[in-house]
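One structure is given below, encoded as structure tokens.
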Amino acid sequence: MTNISVVIPARNEADNIIALVDAIDRALTGHAPFEIIVVDDGSGDDSVVRLRERARNLPHLRVVRHDVSGGQSAAVHSGVLAATAPIILTLDGDGQNPPEELAKLAAPLQNDTTGRIGLVAGQRVGRQDTWSKKLASRFANAIRGWILQDGTRDTGCGLKAFRREAFLALPYFDHMHRYLPALFSRDGWQVAHVDVTHRARRAGSSNYSNLQRGLVGIVDLMGVAWLLRRRKKARAVPEET
């Protein structure tokens with residue numbers, strides 16, 4: 001039985017993805033039984049060819065393919081739907097999230113005797129990005145935290161762990177991956193935070209610009225704030241026997 005599903009959203013990461021898959025395999029070997037699901041988000045390179053070739057010798061590697069690019073949230077959602085394990089781990093396909101951090105993210109969920117933790121959010125320390133990207137991210141996180149009060153300093157970190165059923169119960173929308181702490185809290189789950197390291201990109205380039213993130217983020221932020229205000233406030237109580 002598979003206990004952990006690692007979901008990797010990736011687009012045009014042919015030069016990074018195989019090394020990342022192999023690093024995940026090394027990092028999790030010896031831990032709970034796991035599978036690796038790479039969701040190719042409509043890549044125009046030979047990512048799928050390379051992944052399918054690697055899967056011949058790595059049976060717990062699975063490939064899910066989008067016919068067109070749907071974005072990171074769509075890729076994560078497709079991967080979670082395809083997953084067979086109750087605990088999901090995610091990381092970006094560009095290799096900047098170290099796979100060695102995955103077991104540390106899974107631990108709070110695996111050791112949760114209360115069953116109340118729904119999400120473990122990675123928080124990047126020593127981020128290896130351009131100054132403009134870090135500045136834009138810092139500004140966006142400050143605005144988001146002020147409006148949503150989600151208690152998370154870095155929602156853009158791809159390293160996350162969460163309960164599969166809890167994630168699939170969330171309202172889906174494009175770019176929802178940046179608001180998971182607020183959405184899990186909205187549904188009554190506890191959110192844990194773990195500091196994680198960060199690496200420089202080895203090959204390729206980012207699929208999104210700071211301007212794209214900023215323009216989309218304004219609309220999304222208002223939508224999430226609306227969802228939080230309209231959350232279900234009543235809970236059913238068990239009948240007395």
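Miscellaneous remarks
- Low-density loop positions, trypsin sites (Lys or Arg not before Pro), region 36-99 - DSSP coil, at most 13 other Cβ in 10 Å: ARG56
- Ranked by how many other Cβ atoms sit within 10 Å of their own Cβ, fewest first, the residues LYS232, LYS104, LYS160 fall in the order LYS232, LYS104, LYS160.
- Take 70-81, 190-201, 23-34, 6-17 and order them by the average number of nearby Cβ atoms within 10 Å per residue, most first; the result is 6-17, 70-81, 190-201, 23-34.
- Part-to-part distance (alpha-carbon centres) for region 65-121 and region 16-57, which is given in Å: 14 Å
Coordinate-derived values only; no laboratory data. Bear in mind the structure is a predicted one, so any value in this text is a computation, not a measurement. Positions of Cβ are generated from backbone atoms using ideal geometry, with glycine treated the same way; all protein chains shown enter the neighbour counts.
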